[in-house]
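Report on one structure; see the data block that follows.
The values are calculated or read from the model by the stated rules, or taken from the named source; none is laboratory data. For clarity, every value in this text was computed on a predicted model and none was experimentally measured. Backbone-built Cβ (ideal geometry, glycine too); neighbour counts: all protein chains shown.
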Amino acid sequence: MSATSPETQTAGAVLMIRPAHFGSNDETAGSNFFQRADADLRDAALRARREFDALALALGAAGVLVHQFAGQRGSALPDEVFPNNWVSFHADGTAVLYPLLAVSRRRERRPDILAALADSCGYRIERIVDLTSHEARRQYLEGTGSLVLDRVHHLAYACRSPRTHDEALREFARALRYEVVAFAAVDTAGRAIYHTNVLLSLGTSFAALCTSAIADRAQRRTVLGRLEGAGREVIDLRVEELASFAGNVLELRGARGPVIALSAAALSSLAPATRRSLERYGELVTADIATIERLGGGSVRCMLAEVPLPLRD
């Protein structure tokens, strides 16, 4: 794919996995400080499915095409509601499979879903880039959790963490002809933020970023320069907004124009000026996913894998 690709920033369709199982994953808790050990485990899977349904319904009502797939009943996969970590799709017909840190999550990768998107949904998948061999070398790159993509300018923003490693980043960049903008980001306790998409979201004309999470001033200037150089308004998030997943939002293409999908917790955390800034760029579409956020440590953007694949002729 060339840098002059017609790929747009936003998609009008998403992949979602309705969880058959859901709960706290001890294997991921060591690097994901958004998971809450004090969360209520009773009926967690039932509550997560209800939250999933509410989000899918809200997106559908806004005119976003939601491709829902059932979770795997035969496997206890507590994080399968987050498909964007194992796969990404691209406008040239590429699907990318990613190396995941947690062994328990690797069974989430599903060839049957790729086949269904091609056979039943009418998309063209012309190339599969498989990066999963990096798992044997303990090099990880967890999809559009690790990567926040400027699809128009072929820039991949990535904060290094136990889930985002340089070697895998380089292979992604070579295979998809992206330039990587890598940096370090930490929370208020100085711990590496596990995924880039909890502190940065890119829309067509905006970037929501918790700039204070990038402690190194030179790296911060670089990131801001690239975002602003691409013509985006940078909406600076407070650390309190970051903690409520206000960075974990996603612009999509709805029936009435752009929509910005975010959780009820993220929405309620926004300062009035921040909310007004986001509303300039799209309709805010929200659902309460408190169980998924507290137990899973991820929010709305993590639940959505964009599907900008070309349709079959």
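Would you confirm whether any residue within the range 236-256 is over 20 Å from the mean Cα position of the chain (by Cα), loosely packed, with under 15 Cβ neighbours inside 10 Å and more than 17 Å from GLU306 (Cβ to Cβ)? Within the range 236-256 (the criterion being over 20 Å from the mean Cα position of the chain (by Cα), loosely packed, with under 15 Cβ neighbours inside 10 Å and more than 17 Å from GLU306 (Cβ to Cβ)), the answer is yes, since at least one residue qualifies.
Quick one: count up the residues across the range 159-185 that are outside any loop (DSSP other than H, G, I, E, B) and either among the small types (Gly, Ala, Ser) or at pLDDT below 95 (or both).
Selection size over the range 159-185: 5.
Taking the criterion of being in contact (Cβ under 8 Å) with a residue 60 or more places away in the chain, over 21 Å from GLU7 (Cβ atoms) and among the hydrophobic types (A, V, I, L, M, F, W, C), the residues of the range 256-287 that qualify are LEU278, VAL285, ALA287.
Please find, within the range 165-216, the residue that is surrounded by the fewest Cβ atoms within 10 Å (Cβ to Cβ) out of those that are of a type in the set (S, T, N, Q) and within 26 Å of VAL129 (Cβ to Cβ).
Step one: filter the range 165-216 for residues of a type in the set (S, T, N, Q), giving 188, 196-197, 201, 204-205, 211-212.
Checking the rest, the ones that are also within 26 Å of VAL129 (Cβ to Cβ) come to 196-197, 201, 204.
Values: THR196: 28, ASN197: 30, SER201: 25, THR204: 16.
Per the criteria, the residue is THR204.
In the set (1) at pLDDT 95 or above; (2) buried (at least 20 other Cβ atoms within 10 Å of the Cβ), THR291 fails one condition alone, (1). Contact map, the range 157-169: residues that are of a type in the set (D, E, K, R) paired with residues that are at pLDDT below 95, Cβ distance under 7 Å, separation 6+ or inter-chain. Pairs shown: ARG163/SER31; ARG163/TYR194.
Looking across the range 170-224 at every residue that is touching a residue at least 40 places away in the same chain (Cβ under 8 Å) and of a type in the set (Asp, Glu), the one that is nearest to SER299 (Cα to Cα) is identified as ASP187. ALA271 passes every criterion in (1) of a type in the set (A, V, I, L, M); (2) surrounded by fewer than 20 Cβ atoms within 10 Å (Cβ to Cβ); (3) within 18 Å of ARG151 (Cβ to Cβ) apart from (3). Each residue in the range 97-152 was checked for being part of a helix (DSSP H, G or I) and among the acidic types (Asp, Glu), and 4 of them qualify. Checked against (1) at pLDDT 95 or above; (2) closer than 30 Å to ALA115 by Cα; (3) part of a loop (DSSP other than H, G, I, E, B), ASP313 passes all but a single condition, namely (1).
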